[in-house]
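Visitor: Submitted below is the structure of interest, expressed as structure tokens.
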Amino acid sequence: MIINEQIKEQIKPYLQKMRGQQKIINNRSTIQDAMIASLGVFISMFFIFELTNYTKSLWFIASFAASSMLVMTAWNAPVGQPRNVIGSHLIASFFGVLILNLFGSSPVMMSLALCCTIFCMLMTRTFHPPACGDPIIIMMSGYSWGFLFHPVLIGAVIIVIFGLILNNLHPRRKYPLYWW
């Protein structure tokens with residue numbers, strides 16, 4: 001009986017953390033912010049889609065849509081900075097191709113690639129969640145080392161370039177906050 005009470009007392013603070021006691025922070029966007037972000041995502045993704053159509057070569061990967069959204073909406077947060085966008089896509093793609101080539105493409109190996117990706121993102125301070133999709137894309141499709149440069153590196157750079165152009169149209173935005 002005493003042991004049960006001790007366990008309850010240890011578990012209670014843990015469970016209370018999950019209640020969420022803070023109120024929502026009012027982080028509404030202005031119409032101008034929403035228009036710049038939406039236009040930025042539209043233009044950057046349209047450019048990448050058109051590059052795919054024009055060259056008949058894959059340029060668009062699904063994770064780029066979320067990256068573009070973060071560059072345009074979280075321009076003042078670490079996840080939207082160039083080093084994080086470009087670095088994380090390279091890290092994630094590297095592990096996707098490496099583990100695919102060494103061990104194949106099983107659920108365990110895809111999970112390992114994600115594990116390595118997240119560990120390296122955190123250790124190198126290049127945290128950008130959309131890039132976590134890259135190893136899965138690579139491993140499910142069987143892409144090779146060239147995928148790191150085309151479309152990953154060039155596509156991430158294109159997104160950052162559109163972020164530079166469009167974010168800085170807003171008088172109160174300064175993008176990027178840092179490069180490295």
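Visitor: Taking a point 7 angstrom from the Cα of residue 125 along the C-beta vector, which residues in region 60-97 have backbone N less than 15 Å away?
Guide: Label zone hits: 77-85, 87-88.
Visitor: For semi-axes √(5λ) of the Cα gyration tensor in Å, several values are listed as (1) 115, 14, 12; (2) 34, 27, 13; (3) 46, 14, 12; flag the one computed from this structure.
Guide: So the structure-derived entry is (2).
Visitor: Subtract the Cα-Cα distance of residue 101 and residue 157 from 0.36 nm times their separation in residues, and report this length gain in nm to one decimal. Working shown, then result.
Guide: Values: separation 56, 0.36 × 56 = 20.16 nm, distance 2.56 nm.
Residue separation times 0.36 nm, minus the Cα-Cα distance, leaves 17.6 nm.
Visitor: Using Cα pairs under 8 angstrom and six or more residues apart, how large is the relative contact order of region 86-180, in percent?
Guide: Details: 89 pairs, mean separation 32.8, N = 95.
The normalised contact order for region 86-180 reaches 35 percent.
Visitor: Oh, and also: If the cut-off is a Cα-Cα distance under 30 Å, which lysines reach residue 174, setting aside same-chain residues fewer than 8 apart in sequence?
Guide: Result set, ordered by chain and number: 23.
Visitor: Please tell me the relative contact order of the chain in percent, rounded to the nearest whole number, where contacts are Cα pairs under 8 Å and at least six residues apart.
Guide: Values: 216 pairs, mean separation 51.2, N = 180.
Rounded, it is 28 percent for the chain.
Visitor: Can you tell me which lysines have their Cα less than 17 Å from the Cα of residue 8? Leave out same-chain residues fewer than eight positions away.
Guide: The reachable lysines, counting only those whose Cα sits under 17 Å from residue 8, are 17.
Visitor: If you don't mind, there's one more thing I want to ask. In deg cm²/dmol and to the nearest 500, what is the mean residue ellipticity at 222 nm of the chain if only DSSP H runs of at least 4 residues count, each as -39500 (n - 2.57), divided by the residue total? Please report the intermediate quantities before stating the final value.
Guide: Values: 7 runs with 114 residues, N = 180.
So the helix-based figure for the chain works out to -21000 deg cm²/dmol.
Visitor: Separate question: Taking the Cα centre as origin and putting +1 on Lys and Arg beta-carbons and -1 on Asp and Glu beta-carbons, what dipole magnitude results for the chain, to the nearest 20 debye?
Guide: Here the chain has a charge dipole of around 560 debye.
Visitor: Calculated FRET efficiency, residue 11 and residue 108, Cβ-Cβ r, R0 45 Å, to nearest 0.05?
Guide: Between residue 11 and residue 108 the formula returns 0.90.
Bear in mind that the values in this text are calculations on the coordinates, not laboratory data. Keep in mind that this is a model prediction, so the values were computed, not measured. Cβ atoms come from the backbone with ideal geometry, glycine included; neighbour counts cover every protein chain shown.
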